[in-house]
Amino acid sequence: MLLIIGYDPGKTFSLSLIDVISGKLLLVYSDKNKSINFVIKKIFQYGTPLCLGFDKKNLSSNLVNIARRLRIAIIHPETDLKITKKRNLIKSYFKEHRETIITLNNKHEMDSLASAIYAYKKIKPLINKLKNEINSEEKIKEVLFLLFKKKVKNIKEALQEYNSIFC
């Protein structure tokens, strides 16, 4: 499974995971005093990370360190997301995905979930475009992986790279 990560760093951290293809929320988790290794292991229990969402303009060193270790891009806004924007993102996500609204235990969980949803909404047009052009979920995942990890310039280049590797 390919994952979008929402992360709220700090003494109490929170981690939210969304499946890239389905948009399904897989995890909202918070804990205290855990290492970066713990966070990374938790992520890999659910799948392979594609990108990391964050709700702030300025990136924390902890966040950058995790992204660097996972070798993934960080998707974040040009200005910090306000609480009302975070609540609206979460509300619209649950409405759109017809999922049962979950209870968030603290503000850290709200921040990580809003961060994951923000990143998902940013790349959703790309995912939809790939779904229209490619009929294989596995191929979509591989093309997304190439676009984000190999830093190919566009879908056409990613498809050429995919064909040279897998065909």
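The set of residues in segment 40-62 that are surrounded by 13 or more Cβ atoms within 10 Å (Cβ to Cβ) and in a loop (DSSP other than H, G, I, E, B) comprises Tyr46, Gly47, Phe54, Asp55, Lys56, Leu59, Ser60. The residues of segment 24-64 that are in contact with a helix residue (DSSP H, G or I) (Cβ under 6 Å, 6 or more places away or on another chain) and within 20 Å of Leu147 (Cα to Cα), listed by number, are Pro49, Leu50, Cys51, Leu52, Gly53, Phe54. Residue under question is Leu15, and the condition is that it be in a loop (DSSP other than H, G, I, E, B), at pLDDT 95 or above and surrounded by 13 or more Cβ atoms within 10 Å (Cβ to Cβ); does it hold? Judged against the criteria, Leu15 is not a match.
Checked against the criteria, Lys34 counts as out of contact with any Pro (no Cβ under 9 Å at 6 or more places or on another chain) and among the charged types (D, E, K, R).
In segment 142-154, how many are in contact (Cβ under 8 Å) with a residue 24 or more places away in the chain, of a type in the set (A, V, I, L, M, F, W, C) and surrounded by fewer than 18 Cβ atoms within 10 Å (Cβ to Cβ)? Count: 1. From the list Asn65, Asn88, Asn37, the one residue that fits, being closer than 22 Å to Gly23 by Cβ, among the polar types (S, T, N, Q) and either in a helix (DSSP H, G or I) or not assigned by TED's automatic domain parsing to the domain that holds Ser115 (or both), is Asn88. Residues in segment 102-159 that are among the small types (Gly, Ala, Ser) and assigned to a helix (DSSP H, G or I): Ser112, Ala114, Ser115, Ala116, Ala119, Ala158.
Yes or no, residue by residue, for (1) surrounded by 12 or more Cβ atoms within 10 Å (Cβ to Cβ); (2) out of contact with any Pro (no Cβ under 6 Å at 6 or more places or on another chain); (3) touching a residue at least 60 places away in the same chain (Cβ under 8 Å):
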site: Thr79; (1), (2), (3): no, yes, no
site: Lys85; (1), (2), (3): yes, yes, no
site: Leu104; (1), (2), (3): yes, yes, yes
site: Leu130; (1), (2), (3): yes, yes, no
site: Ile140; (1), (2), (3): yes, yes, yes
site: Glu157; (1), (2), (3): yes, yes, no
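The values are calculated or read from the model by the stated rules, or taken from the named source; none is laboratory data. Because the structure is a prediction, the values reported are computed rather than measured. No Cβ is skipped: glycine too gets one built from the backbone with ideal geometry, and neighbour counts run over all protein chains shown.
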